[in-house]
Each structure stands twice: as C-alpha cells, then as structure tokens.
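Data block below; observations after.
The values are calculated or read from the model by the stated rules, or taken from the named source; none is laboratory data. On a predicted model such as this, the values are computed, not experimentally measured, just so you know. Don't worry about glycine lacking a Cβ; one is built from the backbone with ideal geometry, like all the others, and counts go over all protein chains shown.
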Amino acid sequence: MISPGYSWYEATVGERPEYPPLEGDIRADVAIVGGGFTGLSAAAHLAKAGVDVVLVEANRVGDGASGRNGGQLGTGQRDWPEELETELGFARSKALFDLAEEAKAHLLEFAQANGIEIDYVAGHLSVAHKRRYVDAYRAHADIMRERYSYPHIKFMDAKETAERLGSTRYFGGVRDTGTGHIHPLKLVVGTARVAAAAGARLFEHTKATGLSSAGGKVQVATSRGIVTADKCLVATDAYDADLEPTTAAHLLPIGSFIGATVPLGDDSRVLPGGESVDDSRFVVRYFRRSTDGRLLFGGREVYSRASPREIRAQIGRQIADVYPFLRNVEITHAWGGFVGITMPRRLFVREVMPNVIAAGGYSGHGVMLANFMGRLYAEAVAGNRDRLKLLEDLRIPPFPGGPRLRHALLFLALNWYALRDRI
C-alpha cells in the first residue's frame, strides 16, 4: 500500500469542512458510494434538482485520487480522437470529443457559478520524449484543427518546445491553449460545500462494506449502518473497486506519485508560460508550476510500498532528468495515491446490478471527465440517459487472469511498458 504523504494541496486548500460519520440506518432516493469528483458532483446536481441524496465516503472527501492528482484538465478523452476514430468511426469519436469539450466547459462554469476558487491557469503542453514520435504530434495538431474543429492546439518544433519547457529533454510536441490546470482539492472541497448546501447528506469515515439490489431497492451496507435507496452510484474508482465483482474485473489501481519543490522564483526558466505538461511515456510524467511558483512533478511506479522519503528520491531523479539544473532542488511535499485504469484506458460505466451504476477507470484523465460524470448520472436519474449511454456503450474488456491473477498480470504488463519507455 502506498504511504499517502502530506500533499501540497492539503497544505494550501484553506478551510476544509468535516462531515460526520453515518450513525444507524438511513433512507434516501439515491445512495452514492465515494466522495471524490464523480460522487460529489452527482450529489450536488441531484440535490439541486430536489433529489434526496446520501453519500458515504470511507475516509474524508477528496482523500482518493480526486484530491491528490496532477490537476490537469486535458482535452478530449484519454485517447486522441484519431485513435478512437480508427476503432469507433468518426461519428462516435466526434461525439465523445464533443462530450469531453462540454465537460471542460462545465467544470469551469460550475466553479464560477458556485464561487469556487480553483486556481485555474490556462495552457497545456504535450511533448514527445522520443524523436520518432514527433510526426504523430504534428499530424495530431492538423487533425484537431481540420477534422474536429478545435483550433487551440498548435504543433511545436524542438526549439519552441525547449523554450516553453525551459528544457531540451524533449523533441517536439503540441501546445493547447484551450485547456489548463487547477488546484483539485479546492474543487473537491467546494463541490462538497455546494452539495451539502443543496441538501445532500454527506458522511465521512463511513466505509461501504456490501452492496445488494432486490425488489426495486438498493442497500449499501456500511461500517456504521445501512443506506436503503431507489438507486445507487458506485464512484470509488481505484479505491474499493472490490465492492462488487463486475467493477473489480474491469478496473484496477496503479500507483501515482507527486512531489512539490520549494518555490523556484520569478526568474526561473522552468515553464515561463505557466502551462502544465504531460509527456509521451506510457508511464506518463506530468508537471506544472503552482500558483506560488513551485514545480509540481508527477510520475508513476507500479504497486510500490514507497514512503514519502522514497517518493522524494524517485521524483527527484525524474526532475533532474528533465531539468538537470534542479538536481539538488528541495522537495518539500511528497505524496502518492491510486488511479483507476481499464484495459483500453477508457471510461468504465455500467449498470452492474439493477438500479446500480458504477463509473470509473478515468485512467489519469479524471479531473475533467469525473466531474462531468456526476452531471451525466444526475441527468440519467432525471430520465435522460442518452449521453451517459454514449459512455456505457464503450467496449471495455475485463482484465485477464480472474480475481487471483489479474493484479500480478497487470504488474508484469505495466513494468514491460515502463521498460519500453526507456529504450
């Protein structure tokens, strides 16, 4: 198990209200399991529509990936649109891209409308760590402009990439001015406040231990009582996926680590334009400057039992690879957590038993998509399931190996891909 560590987000989020644990049995229209982006967004939208909502969270809201991630919004789905187009055809690929664009707008509009300060900074760079990948990035920029009517992505050659990064480590890439990055825990805390103010009942330190559906009712057994509801949303993603077997078969957790340096100063040549960055590795490196000038740098290791001290060493080596002049920079905060992935790195949305929908597997693309999933679920509860169905219809095969072997096979596969990143 990853030692979580104290994150820079926790240190800078400001007031973080606590919610009580559940005490005894309770009844609601909708039960939600999981207090991250998906669950809290669903609770807020449902409660505002007058639905009686109960949400249970095993720890504190935002303690999972939602409050500990890289804070990057991204554009589109996890796959580039042209990759989806090859498999699904243009019409479905375009529909999925348009849905993701609406998700991006929704996040920013929701935060503004509800007075949530999320520290949004515009701009994102996607960069190639191998020279042979550069042509794909050039073609991607053209495809986005010409086929998907998205004019915000521009190709960068090696010279421009080095200038915008402050590093010569990469060979080219694209710059996206239509997206950006945020303080994710501020969004979590703000969304929880909105949900509670609208009447949603939020319970922390209440772990779901069982789930059943019979006779038109759903029961969520917890460590502190039973929640009975007409419908249920399982929104635990990488955490407690074993709550029910279908999700467990399709979604697995991988470890993700982030370190925050001391403030680099206004004269630092690191990311002078303030953009966030992701690279072309399978085991993605992602980084950005914080509002107080720190470098927040993330990378992944598979199933590590790393302590915060070990995380500092691992992240420090990755920082030095990109920015050799930061080889000895002090890392003040180091933390880790789990991200849920699926086999094709696409969203898993299914009705896993009558009146129970599970959503997760955002595969590192959840800041934007997970929040919008909550709205789509609320739409489905209100009777319009069309847009949610677009995601439900995605083909997501289960991980091979069954309950006993799938974690071991995933470990081997991810280590193989990590090795390919280095050769």
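Taking every residue in segment 230-241 that is closer than 13 Å to Lys207 by Cβ and pairing it with any residue that is hydrophobic (A, V, I, L, M, F, W, C) and in a loop (DSSP other than H, G, I, E, B), at least 6 positions away or on another chain, the pairs with Cβ-Cβ distances below 7 Å are Asp240/Ala58.
Restricting attention to segment 310-333, the residues that are part of a helix (DSSP H, G or I), in contact (Cβ under 8 Å) with a residue 60 or more places away in the chain and in contact with a strand residue (DSSP E or B) (Cβ under 6 Å, 6 or more places away or on another chain) total 2. Among the residues of segment 136-149, not a single one is within 22 Å of Phe171 (Cβ to Cβ) and in a loop (DSSP other than H, G, I, E, B). Of the residues Arg375, Arg350, the single one that is modelled with pLDDT of 95 or more and assigned to a strand (DSSP E or B) is Arg350. Yes or no: segment 81-94 includes at least one residue that is under 30 Å from Ala162 (Cβ atoms), at pLDDT 95 or above and among the aromatic types (Phe, Trp, Tyr). Within segment 81-94, none of the residues are under 30 Å from Ala162 (Cβ atoms), at pLDDT 95 or above and among the aromatic types (Phe, Trp, Tyr).
Across segment 279-297, the number of residues qualifying as among the charged types (D, E, K, R), assigned to a strand (DSSP E or B) and either surrounded by fewer than 21 Cβ atoms within 10 Å (Cβ to Cβ) or more than 17 Å from the chain's Cα centre (by Cα) (or both) comes to 1. Can you tell me which residues in segment 101-154 are buried (at least 20 other Cβ atoms within 10 Å of the Cβ), of a type outside the set (Gly, Ala, Ser) and closer than 21 Å to Gln77 by Cβ? Correct list: Lys104, Leu107, Phe110, His124, Leu125, Val127, Tyr137, Met144, Tyr148, Ile153. Within segment 150-166, the set of residues being of a type in the set (Ser, Thr, Tyr) and in a helix (DSSP H, G or I) comprises Thr161 only. For segment 10-63, taking the residues that are in a helix (DSSP H, G or I) and touching a Lys or Arg at 6+ places or on another chain (Cβ under 7 Å), the one that is nearest to Val339 (Cα to Cα) is identified as Ser41. Looking only at segment 205-223, residues that are over 21 Å from Gly360 (Cα atoms) and crowded, with 19+ Cβ neighbours inside 10 Å come to 0 in all. Ala238 meets the stated requirement of being modelled with pLDDT under 95, more than 30 Å from Arg132 (Cβ to Cβ) and touching a Gly at 6+ places or on another chain (Cβ under 7 Å). Within segment 89-100, being crowded, with 19+ Cβ neighbours inside 10 Å and either hydroxyl-bearing (Ser, Thr, Tyr) or more than 21 Å from the chain's Cα centre (by Cα) (or both) holds for one residue alone: Ser93. Which members of segment 167-204 meet the condition of being in a loop (DSSP other than H, G, I, E, B), touching a His at 6+ places or on another chain (Cβ under 8 Å) and surrounded by fewer than 21 Cβ atoms within 10 Å (Cβ to Cβ)? Those that are in a loop (DSSP other than H, G, I, E, B), touching a His at 6+ places or on another chain (Cβ under 8 Å) and surrounded by fewer than 21 Cβ atoms within 10 Å (Cβ to Cβ): Arg169, Phe171. Within segment 243-259, can one find any residue that is surrounded by fewer than 18 Cβ atoms within 10 Å (Cβ to Cβ) and touching a His at 6+ places or on another chain (Cβ under 8 Å)? No: segment 243-259 contains no residue that is surrounded by fewer than 18 Cβ atoms within 10 Å (Cβ to Cβ) and touching a His at 6+ places or on another chain (Cβ under 8 Å).
Scanning segment 54-93 for residues being over 30 Å from Ala200 (Cβ atoms), aliphatic (A, V, I, L, M) and touching a Ser or Thr at 6+ places or on another chain (Cβ under 6 Å) gives a total of 1.
Of the candidates Ala380, Ala370, Ala413, the single residue that is surrounded by 14 or more Cβ atoms within 10 Å (Cβ to Cβ), modelled with pLDDT under 80 and either small (Gly, Ala, Ser) or in a loop (DSSP other than H, G, I, E, B) (or both) is Ala413. Per the listing Asp25, Asp79, Asp63, the residue uniquely more than 22 Å from Ser363 (Cα to Cα), surrounded by fewer than 23 Cβ atoms within 10 Å (Cβ to Cβ) and not aromatic (Phe, Trp, Tyr) is Asp25. Pairing residues of segment 334-350 that are closer than 12 Å to Gln77 by Cα with residues that are among the charged types (D, E, K, R) and surrounded by fewer than 23 Cβ atoms within 10 Å (Cβ to Cβ), at Cβ distances under 6 Å and at least 6 apart in sequence or on separate chains, gives Arg345/Arg78.
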